[in-house]
Each structure stands twice: as C-alpha cells, then as structure tokens.
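S.K.: The structure under discussion is supplied below as structure tokens; questions concerning it will follow.
The values are calculated or read from the model by the stated rules, or taken from the named source; none is laboratory data. Being a predicted model, the structure only gives us computed values, none of them experimental. Heads up, the Cβs are rebuilt from the backbone with ideal geometry, glycines too, and the neighbour counts pull from every protein chain shown.
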Amino acid sequence: MPDPPATCGGVNGHCGGTCPHDGQCLVNVISNLCRCFGGTNLACGDSAPVCNGQCPAGMHCGGIDFPTPLGRNCGCVPDGAVACGDATFPTCGGACPDTEKVCRPVSRRAPLAVFGIGCECSAPGACAVGADEPSDLQECGGGADCPADLICETGQDPFATLCAARCVAP
C-alpha cells in the first residue's frame with residue numbers, strides 16, 4: 001500500500017500533519033515554513049535531521065551530532081549500538097560511523113548564546129590549543145577532549161573569522 005500524501009503544514013513554527021515514508025513534519029528554520037524531513041526512502045546521510053534513512057545490512061541510521069536549530073548530520077552505525085548524537089549527554093560514548101572519530105560531549109556557542117549542547121563525533125585531540133585556564137578562550141584544537149568533568153565548548157566570533165574553544169563545566 002502506498003504512503004498517504006503529505007499533509008505537512010502549520011503556522012508560526014508549529015507544524016503538524018503526515019509525511020510519506022515515515023518522514024517528520026518540522027519547521028525549516030531558514031524559511032520558517034513546515035516541510036517533510038527524513039524518510040525511510042532516503043540514504044541515511046540524506047535523512048537529516050530525523051536520521052531514519054537506509055543503511056547497509058547490519059547497520060542503522062543515527063545522529064552523529066546533536067540536533068541544533070540548523071539541523072544535524074546522520075550516519076550509519078552498527079546495529080545494537082547507540083549513535084553518538086543520540087547518546088545520553090554528558091556521558092556520551094555512542095558509536096561514530098567513522099571509526100577514527102570518538103563520541104564526546106560538546107557545547108556550541110553562537111555569538112551571543114549557547115547554540116546547543118550534546119554528544120558529537122570528533123577527531124581525538126585537545127579541545128583548545130594553549131589553554132592555561134579552563135575559562136580562557138583559546139584557539140580551537142583538533143578534537144573535543146577535555147579534562148574529566150569538563151566538556152569542550154566552541155564557537156565563532158560574530159564575523160566568523162576566529163574559532164574559539166575552552167573546556168567548561170556542563
């Protein structure tokens with residue numbers, strides 16, 4: 001039996017209705033209009049932010065980073081494993097599609113506020129380069145590793161020219 005037609009719609013950022021192929025009716029933050037996202041008919045990487053697309057046998061689709069107002073990335077991880085972006089913050093410890101990456105707790109800052117907090121796949125390595133004090137903003141490192149009980153917080157300046165990082169308490 002074919003999927004019913006999409007009835008996705010809404011006003012003022014409140015969406016409702018149905019979408020084909022198990023998609024979800026969500027607001028597009030750029031247009032502020034409701035539209036269908038994800039779906040079991042898509043490849044995993046194309047099913048963001050829902051992360052319910054197709055993967056090879058023995059794998060399932062999950063988030064490789066946490067949802068933010070601008071979306072998230074999806075990837076295939078082994079069946080039975082929790083994808084990093086879907087793991088419990090601040091413990092994290094989920095699986096990453098790229099076995100060279102590790103799941104770490106992170107915080108992303110926008111110029112005037114915290115943009116999001118959750119688990120994300122990143123390369124192993126220091127969160128900040130040259131950080132003498134956990135509260136000092138330093139140049140972003142290659143990864144999101146911080147001392148115990150701290151998480152990596154990164155952001156950009158308002159002109160998007162400088163990446164700044166620090167290890168902070170969650």
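S.K.: Modelled with pLDDT of 95 or more, within 27 Å of Cys167 (Cβ to Cβ), in contact with a strand residue (DSSP E or B) (Cβ under 6 Å, 6 or more places away or on another chain) and not small (Gly, Ala, Ser), is that true of Val77? Write out each step before concluding.
M.R.: Numbers: modelled with pLDDT of 95 or more: yes; within 27 Å of Cys167 (Cβ to Cβ): yes; in contact with a strand residue (DSSP E or B) (Cβ under 6 Å, 6 or more places away or on another chain): yes; not small (Gly, Ala, Ser): yes.
Yes: the conditions hold for Val77.
S.K.: Just give me the residues in the range 67-82 being surrounded by fewer than 23 Cβ atoms within 10 Å (Cβ to Cβ) and under 21 Å from Thr99 (Cβ atoms), in sequence order.
M.R.: Taking the range 67-82 as the starting set, the residues that turn out to be surrounded by fewer than 23 Cβ atoms within 10 Å (Cβ to Cβ) are 67-73, 76, 78-82.
Arg72, Asn73, Cys76, Pro78, Asp79, Gly80, Ala81, Val82, listed by residue number.
S.K.: Ok, one more. Farther than 24 Å from Cys152 by Cα and either surrounded by 13 or more Cβ atoms within 10 Å (Cβ to Cβ) or not assigned by TED's automatic domain parsing to the domain that holds Gly116 (or both), is that true of Cys96? First the steps, then the outcome.
M.R.: Values: farther than 24 Å from Cys152 by Cα: no; either surrounded by 13 or more Cβ atoms within 10 Å (Cβ to Cβ) or not assigned by TED's automatic domain parsing to the domain that holds Gly116 (or both): yes.
Here the answer is no, as Cys96 does not meet what is asked.
S.K.: Could you run through the range 7-28 and say how many residues are of a type outside the set (Ser, Thr, Tyr) and under 15 Å from Asn41 (Cβ atoms)? Outline the logic, then answer.
M.R.: The first filter runs over the range 7-28 and keeps only residues of a type outside the set (Ser, Thr, Tyr), leaving 8-17, 19-28.
Of the ones still in play, those that are also under 15 Å from Asn41 (Cβ atoms) are 19-24.
Summing the residues that are of a type outside the set (Ser, Thr, Tyr) and under 15 Å from Asn41 (Cβ atoms) in the range 7-28 gives 6.
S.K.: Scan the range 150-169 for residues that are modelled with pLDDT of 85 or more and surrounded by fewer than 18 Cβ atoms within 10 Å (Cβ to Cβ) and jot them down.
M.R.: Leu150, Val168, Ala169
S.K.: Listed residues Cys51, Cys55, Cys61, Cys44; which is assigned by TED's automatic domain parsing to the domain that holds Gly80, over 16 Å from the mean Cα position of the chain (by Cα), at pLDDT 90 or above and within 26 Å of Ala87 (Cβ to Cβ)?
M.R.: Details: Cys51 fails: over 16 Å from the mean Cα position of the chain (by Cα); Cys61 fails: over 16 Å from the mean Cα position of the chain (by Cα); Cys44 fails: over 16 Å from the mean Cα position of the chain (by Cα).
On inspection, the qualifying residue turns out to be Cys55.
S.K.: Does Val102 satisfy the condition of being assigned by TED's automatic domain parsing to the domain that holds Ala144 and more than 30 Å from Ala148 (Cα to Cα)? Lay out the reasoning, then the answer.
M.R.: Working: assigned by TED's automatic domain parsing to the domain that holds Ala144: yes; more than 30 Å from Ala148 (Cα to Cα): no.
No.
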